[in-house]
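One structure is given below, encoded as structure tokens.
The values are calculated or read from the model by the stated rules, or taken from the named source; none is laboratory data. Keep in mind the model is a prediction, meaning the values are calculated, not measured. Glycine gets a Cβ as well: all are built from the backbone with ideal geometry, and neighbour counts include every protein chain shown.
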Amino acid sequence: MIAINILSDAFFAAIAGIGFGAISNPPLRAFRYIALLAAVGHACRYCLMTFSGVEIATASLAGAFIIGMGSLWFGKKVHSPMTVLYIPALLPMIPGKFAYNMVFSLIMFLHSMDDPVEKMKYMDMFFSNTMVTITVVFLLAVGATFPLFLFPKRASSLTRHKI
Amino acid sequence: MNRKEENLCDVEEFIAEYAAHMMGCGIHTSRVIRSAKRIGEAYGYVVKISVFQKSLILTLKDEHNPCSEVVDIPSLPISFEHNSELSALSWETYDDHLPLDILRGKYNRIISAPPIHPPIVLLFASLANASFCRLFGGDWCSMGIVFLATVAGLFLKQKMSASGINHYIVFIASALAASLCASTSLIFDTTSDIALATSVLFLVPGVPLINGVIDIVEGHTLTGFARLTQAALLIICIAIGLSSTLFFVKDRLI
């Protein structure tokens, strides 16, 4: 059952990666690697959060770092820059539910200005969701970009055909 | 080797167009600068370049004369294909010493290649958003609703963008259309809050968000903040569209 859950998470993350990638017009040869990176990165975050009790920010950082390293590896195979592979692969990890709760709590906060208890509840909800959303998005970008600073020479010559 | 065989200002004109196109289609600043310098070096010239959000200043120099130009950066759709191919073209020029007319021919072929067919993008993006709904714990009914909501929202976005309508208005209208369609999930006994939350996520401007962080970390703070500001404005537009729907259905969500 655990294996099925992990595989299902990876499968849907792969479809999400391919679909969100298609919006930004990547080269056709990059699609399979985008799917693979999205699947591995998201499944890694799922495992860390579900089985190790790691919170969403650290788990996202770990998932993004794996995606970044993978894009450095596969980038040479398909002669594509790292960003072409890792940006679509990261998108399934965007904390959409927290972003939605941020907007929802803002609306409810404005709607309950006359009720101090409700107002405080929605203000608290707004700030906690905003903090999680901003932190996770920032860590996703940092985690995936980090390999670019670790291996700058390789990262800048991924599109070079001559060895 | 083409050292100094090509006219200084002809090479400068090409590199200015090449760099402006790369900036316009969503490539992070350091890659644009590296690729532009690489092409200049292939012809034996030194390239100095300053990049801003809406324009760039380029100077090409040999031992005696400089040639400078300020070019506007066009607003182009994000294209990873152009990112890959234009970057590879700079390496090919550097390694194989392509003459300028051949380089220009290859460049024109790359930028005029057709993008992925819009209906295929519509199908893939809708499947992606439905999968996203599943990842957040949505059930099959919610996935179906999110799929249809994304088809409606993205179709509207494609049509409005093709008509040249302001992109902030496009984002607000698309988010509103997608979330309104997703709000039909309230009729059914399903995970309607997840359906509503995921219906607008196909609009998230992931490329400027991540390029902004890369630019800032690499020291191109001006362009980095400009990209992040652009992304933040688009996210606010998505929030406005979603908020309008939530305003109507909030009582049923509590």
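Among all residues of region A:52-66, there is none that is within 28 Å of B:Leu89 (Cα to Cα) and over 11 Å from the mean Cα position of the chain (by Cα). Within region A:6-34, if we keep just the residues that are in contact (Cβ under 8 Å) with a residue 40 or more places away in the chain and more than 8 Å from chain B (Cβ to nearest Cβ), the residue that is nearest to B:Leu122 (Cα to Cα) turns out to be A:Ile34. In this structure, B:Phe132 does not qualify as within 18 Å of the chain's Cα centre (by Cα) and assigned by TED's automatic domain parsing to the domain that holds B:Val200.
When residues in region B:72-123 are screened for being under 14 Å from the mean Cα position of the chain (by Cα), crowded, with 17+ Cβ neighbours inside 10 Å and not β-branched (Val, Ile, Thr), 6 of them pass.
Which residue is nearest to B:Ala226 (Cα to Cα), if the candidates are limited to region B:157-210 and must be away from every other protein chain (no Cβ under 13 Å) and among the charged types (D, E, K, R)? Looking at residues that are away from every other protein chain (no Cβ under 13 Å) and among the charged types (D, E, K, R), I get B:Lys159.
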